[in-house]
Amino acid sequence: MDTVAQALSAVWNARIAERTSVRRARREDIPTIVTILNEAIAARAALDERPKTTADLERWFEEHDDRYVVLVSVDEDAHVVGFAALNRYQPEHDVYGGVADLATYLASGAQHRGLGSRLLTELEAHAKRNDFHKLVARTFPANRGSRRLLRKFGYRVVGVYKRDAVVDGAYVDVMILEKLLSPGRYRIGVPEEIDVRPPPRGPR
């Protein structure tokens, strides 16, 4: 794509983003959320292998509230074209109340139009208002769109879990990213004597 075409595309996408709105998800949005998520699963862009059912997402929806929110992106025709959520991070441990697990998905026809940025902007603003100090995201290293969006918003690559999941009968790595939303009071860091660097590669 040449420079002129890129500029025109950017202007067009900006206009599309301006005509969309972001609101809290409602129960009647669940079937569309299922469709969007299952598109991502089929494309191997989500951390699942089997398609989700409406019952699955109804249970997931019930786990959210005014703090752990689900937002949807709605186009000018009132169609839901994407969603983002703050999910509970390691809920079995009470020390992680200020951390949320981030999820963002767009319908296949709504990608590359700035809608993911709009959703993530609103979601981060909500997280800050509700005393979250950090957001964590997980993605497959091959999911370039997700990685690009997160890096655009300043998410730091913490590392890669090697052979962390099995998809289509083969091991896959999972990339972990994080973003600090507020500095807070820092009590305990990593001691200098702990070497967090990866071990050197041995002979092949």
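Throughout, read-outs are computed from the coordinates displayed, never taken from laboratory work. Every value quoted in this text rests on a predicted model; they were computed, and no experiment measured them. Note that each Cβ is placed from the backbone with ideal geometry, even for glycine, and that neighbours are counted across all protein chains shown.
Annotation: peptides 115-121, 128-134, ranked by per-residue average of other Cβ atoms within 10 Å with the highest first, follow the order 115-121, 128-134.
In this calculation the C-beta distance from THR54 to TYR171 is compared with R0 = 41 Å, giving a FRET efficiency of 0.85. Ranked by the mean number of other Cβ atoms within 10 Å per residue, highest first, peptides 104-111, 148-155 order as 104-111, 148-155. Taking a Cβ cut-off of under 11 Å around ARG156, the surrounding Lys, Arg, Asp and Glu residues balance to a net charge of +2, with basic ones at +1 and acidic ones at -1. Shape of segment 3-180 from its Cα gyration tensor (a ≥ b ≥ c, root eigenvalues): rounded if a/c is under 1.5, otherwise prolate when a/b > b/c, or oblate? Here segment 3-180 falls in the rounded category.
Starting from 0.36 nm per residue, how many nanometres of slack lie between TYR96 and GLU62 once their C-alpha separation is accounted for?
Length gained between TYR96 and GLU62: 10.3 nm.
Sites listed here are GluC sites (Glu not before Pro) in segment 48-128 whose DSSP assignment is loop and whose Cβ has at most 14 other Cβ atoms within 10 Å: GLU49, GLU63, GLU76, GLU92.
Under the combined filter of DSSP loop state and at most 15 neighbouring Cβ atoms within 10 Å, segment 36-68 retains these trypsin sites (Lys or Arg not before Pro): ARG44, ARG67. If the reach is capped at under 20 angstrom between alpha carbons, list the lysines near LYS152, excluding any in the same chain fewer than eight residues apart. By straight Cα distance, LYS152 reaches LYS128, LYS134, LYS179. In plain terms, the residue of PHE140, PHE83 with the fewest other Cβ atoms within 10 Å comes first and the most crowded comes last, giving PHE140, PHE83.
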